[in-house]
Amino acid sequence: MKEIIFQILKKAGITLKEEELEKLLEIPPSSELGDYSFPCFILSKKEKKAPDKIAEHLAQKIKLPIEIEKVENKGPYLNFFVNKKILAEKVIGINANFGKLPLGKNKKIVIDFSAPNVGKPMHIGHIRSTILGDSLMRIYNFLGYNSIGVNYLGDIGLHLGKLIVAYELWLDKDALKKNPVQELLRLYVKFCAKEKSKITEGVEEEFQDNEWTNRAKEKLKLLELGDKKTEKIWHDIRKSSEKGFNKVYEMLNVDFTETVGQSEFSEHGKKIITNALMNKIAKSEKDGAIYVEVDGQKKFILRSNQTASYITYDIGAAVERNKKYNFEKMIYVTDFRQKDHFDKLFKILTLLGYDFSDKLIHLGFGTIKFGNEIIATRKGDIILLEDVLNKTIEKAEKEIKKRKTKGDAEKVGVGAVKYIVLKSSPSADVQFSWEQALNFEGDSGPYIQYSYARASSIIRKAGKFNKSKINFDNLNSHEINLVKKISSFPEIVQKAEESLNPSLIANYSFELAQLFNEFYHACPVIGDESEAFRLRLVDAFRTTLKNSLYLLGIEVMEEM
C-alpha cells in the first residue's frame with residue numbers, strides 16, 4: 001500500500017524521492033485518523049504556504065485509485081484510508097511465496113559470519129554472529145539475491161602456535177578421541193597458565209615477549225614454512241575442532257556456502273603486500289615489518305619475520321572473494337569491538353587501489369549478558385555454546401511436560417534462543433534469561449510457535465474450506481487489524497534487508513502473533529457465518545508467520 005500512496009503523492013506534484021517519502025509516511029495513533037498519514041511540514045518552505053493549507057489543497061486535488069477508500073486532511077496531515085475490502089481480498093489470496101520479491105536478481109551478497117577459532121570450542125560469543133548471519137542469508141535469498149555464506153575459520157595465528165606447543169607436550173590421546181573439544185580447551189588453558197596470559201587472543205598478543213609466547217611464535221613460523229610434523233599436528237587440531245563446530249551448526253540448522261580457513265589466504269595477502277611495497281604504497285621498517293599509513297598512523301600489515309598477521313589474511317581473503325564472486329556487497333558480521341580492525345581494513349584496501357572496498361560493510365553487534373543461572377556451565381572461563389543449547393532444550397522439554405502439551409523440545413529450545421538473540425537490534429546488548437526465552441505467554445519464540453500451532457489446529461478441525469461466497473462488507477476491527485498486519489509483511493522484509501536488522505522481522509512476528517490471538521479469542525471461526533472468510537484469514541496468517549519465522553531460522557510445529 002505504501003507504494004500506491006507514493007505514486008499518488010508523485011502524481012499530485014510532490015517531487016520528494018521515494019526514500020524521503022518512506023521516512024515521512026507515518027501510521028496514525030488511531031485508525032479513525034486513517035491507515036497512513038503524510039505530514040506536509042516539509043513542503044511548507046518550498047511552496048511558501050502553511051502546512052495545513054497544503055494538506056487541504058492536496059486532499060482536494062488527489063485522484064484516488066480503488067485501493068484507497070478516501071483521503072482527508074487533518075491540520076497539517078494528509079490521512080489515507082485503505083480500502084479494507086480490496087486489502088482483505090488480496091490477503092486471503094496469498095500463497096507460500098508471500099513476501100518474496102525478485103529485488104536481487106543476478107546479484108551476489110557475501111556474508112562472512114560465525115568464524116570460530118580452530119582449536120577452541122564455540123562459546124556463547126559465537127551465537128550472535130552465527131544466528132544473525134544465517135538470518136541475513138535467508139532474508140537476501142528470500143528477496144531473490146544469491147547470498148553466499150562464508151565461515152571464515154581462524155585456523156592460523158598465534159593461538160594455533162600455542163596449541164601446537166601444548167599438543168606436543170601434554171596431549172591425552174584418549175581424551176582427544178572421547179571429547180576433542182574439551183581436550184583442546186584443556187591444552188589451551190594449560191598453555192596460557194604457563195604463559196600467564198588470559199584465554200583470549202588478539203593483535204596485542206603478538207607483542208608479548210616471554211619464553212612460552214616465543215615458543216608459540218616459532219611453531220607458527222614452522223607451520224608457514226611447511227614443516228611436516230607441525231603441519232600434521234595442525235591438521236589433527238583442525239579436524240577435531242570442526243567435529244565440534246559441525247555438531248553445534250547441526251543443532252542450530254545453520255549451513256554455509258563455503259567453510260574456509262584464514263591460512264588459505266596467507267600467500268595471497270603476502271603477494272598483495274609485496275606489490276604494495278614495490279609500488280611504494282607500503283613501507284618497510286628496519287626490522288623488516290611492513291606497514292601502510294592509515295589516518296596518519298602506521299598500520300603493520302606483515303610481521304618483521306615475514307609471517308602473516310590477521311590483517312594480512314583479511315586483505316588476501318577480500319581480494320580473492322571479489323575475484324571469485326564479483327559481489328554486490330560483502331558483510332562481515334562480528335562483535336562491535338572489531339570495528340577499528342574493519343575500518344582500517346577497508347581503508348587499506350582503498351589505499352591499495354581496490355575499487356570494491358566501498359562494497360564492504362562491517363555489521364558490528366553488542367554483547368550477550370547472562371545472569372548467575374548460567375555460571376555452572378563455564379569451562380575455562382568460557383561459556384560453551386553447546387552447553388547453553390543443550391540446557392535450553394532440556395528446560396524446554398520440562399516446560400512442555402509441565403504444560404502437558406505437545407511439541408518438539410529441540411525446535412522449541414533452539415527457536416527460543418534464536419528469538420531472544422534476534423529480537424534485539426544488532427547494535428544493542430542482549431540480556432539472556434531462560435525464564436524469558438522459554439515463556440509461552442510473552443514476547444518469546446515459544447509463544448509465537450504456539451500461535452502457529454493454534455492456527456494449524458483450526459485448519460485441521462475445519463477439514464475442507466467452506467466454499468460459500470465471501471462477504472467483505474462487515475469486517476470487524478480484529479479482522480481488519482490482522483489483515484493489515486499480514487499485508488505489511490513484504491515491506492518489513494525489505495526494511496530488514498535495507499537496515500541489516502532481522503529484529504524488525506522478529507518483532508513483526510510477535511506483533512502478528514498477538515493480533516492473531518486477539519482475533520482467536522474474539523472471533524469464532526468454525527460454524528460462524530463468516531467461517532469462509534475467517535478460515536482463509538487464519539490460513540493466510542499461518543503462511544505469513546511461517547515465512548517470517550523461516551527468515552529467523554525458527555522452525556514451526558503443527559501441534560504444540
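No lab work stands behind these numbers, since they all come straight from the coordinates. All values derive from a computational prediction rather than experimental measurement. Ideal geometry is used to build each Cβ from the backbone, glycine not excepted, and the neighbour counts take in all protein chains shown.
A few remarks follow.
- Size of charge dipole - the chain - debye, nearest 20, with Cβ of Lys, Arg +1 and Asp, Glu -1, no other charges: 600 debye
- Helical runs assigned H by DSSP (4 residues or longer) give the chain a calculated mean residue ellipticity at 222 nm of -16500 deg cm²/dmol, each run adding -39500 (n - 2.57) before division by the residue total.
- Order of 392, 130 under a 10 Å beta carbon neighbour criterion, fewest first: 392, 130
- Close amide H contacts of residue 301 (hydrogens built in the peptide plane, cut-off under 5 Å, sequence separation of 5 or more or a different chain): 290, 291, 292.
- Here is the list for the range 421-493: GluC sites (Glu not before Pro) lying in DSSP coil, each with at most 16 other C-beta atoms within 10 angstrom of its C-beta, are 441.
- Scattering curve values for the range 403-550, log₁₀ I(q)/I(0), Debye with Cα scatterers, q = 0.08, 0.14, 0.16, 0.20 Å⁻¹: -0.24, -0.71, -0.89, -1.24
- Lys/Arg +1, Asp/Glu -1 at C-beta; the chain dipole; positive extreme among 428, 145, 34: 145
- Residues 212, 170, 234, 434, sorted so that the one with the fewest Cβ neighbours within 10 Å comes first: 170, 212, 434, 234
- Loop-located chymotrypsin sites (Phe, Trp or Tyr not before Pro) in the range 435-468 (DSSP state not H, G, I, E or B) with no more than 14 neighbouring Cβ atoms inside 10 Å: 465.
- Tensor-based shape of the range 271-391 (alpha-carbon gyration tensor, a/c under 1.5 rounded, otherwise prolate or oblate): prolate
- Fewest neighbouring Cβ atoms within 10 Å first, the residues 278, 137, 1 line up as 278, 1, 137.
- With each label modelled as a point 7 angstrom along the Cα→C-beta vector, the residue 518-residue 53 pair spans 4.0 nm.
- For the range 256-268, Karplus couplings with θ = phi - 60° (6.51, -1.76, 1.60), whole Hz, Gly/Pro x: 10, 6, 8, 10, 9, x, 4, 4, 5, 10, 4, 5, 4
- Cβ-Cβ FRET estimate between residue 298 and residue 460, R0 fixed at 56 Å, reported to 0.05: 0.25
- Cα gyration tensor shape of the range 40-96, rounded if a/c is under 1.5, else prolate or oblate by comparing a/b with b/c: prolate
- The range 503-560-the range 105-183 distance, computed between alpha-carbon centres (Å): 35 Å
- Taking the Cα centre of the range 2-82 as origin and assigning +1 to Lys and Arg Cβ atoms and -1 to Asp and Glu Cβ atoms, the resulting dipole is close to 520 debye.
- Close amide H contacts of residue 68 (hydrogens built in the peptide plane, cut-off under 5 Å, sequence separation of 5 or more or a different chain): 83.
- Within the shell defined by Cβ-Cβ distances under 15 Å, the residues around residue 108 carry a net charge of +2, with Lys and Arg each +1 and Asp and Glu each -1.
- Backbone amide hydrogens, once placed in the peptide plane, bring residue 73 within less than 5 Å of 79, excluding anything fewer than 5 places away on its chain.
- Three-way shape call for the range 2-82 based on the alpha-carbon gyration tensor, with the a/c threshold at 1.5: rounded
- The computed Rg and Dmax of the Cα atoms in Å for the structure shown corresponds, within (1) 25.8, 76; (2) 28.0, 87; (3) 23.9, 70, to (2).
- Summarising the label geometry, the points placed 7 Å from Cα in the beta-carbon direction at residue 279 and residue 229 lie 4.2 nm from one another.
- Computed magnitude of the charge dipole of the range 403-550 (debye, nearest 20; Cβ of K, R +1, Cβ of D, E -1): 680 debye
- For the range 216-292 versus the range 18-35, the gap between their alpha-carbon centres in whole angstrom: 51 Å
- Antiparallel bridges, percent of DSSP beta bridges restricted to the range 64-169 (to nearest 5): 50 percent
- Cross-link reach is defined here as a Cα-Cα straight distance under 16 Å, omitting same-chain residues fewer than 8 places apart; for residue 280 the lysines meeting it are 270, 271, 298, 299.
- The residues neighbouring residue 330, those whose beta-carbon lies less than 10 Å from its own, together hold a net charge of +2 under the Lys/Arg +1, Asp/Glu -1 convention.
- For residue 529 and residue 70, a Förster radius of 35 Å and the Cβ-Cβ distance give a FRET efficiency of 0.80, rounded to the nearest 0.05.
- Positive-end extreme of charge dipole, the chain - chosen from 532, 220, 552 (charges on Cβ): 532
- Distance between modelled label sites at residue 20 and residue 350, nm, 7 Å Cα→Cβ extension: 2.7 nm
- Each part reduced to its alpha carbon centroid, the range 465-496 and the range 47-91 end up 21 Å apart.
- A dipole drawn for the chain from +1 and -1 charges on Cβ atoms has a positive end, and of 496, 7, 360 the residue lying farthest that way is 7.
- Of all DSSP beta bridges confined to the chain, the antiparallel ones make up roughly 50%.
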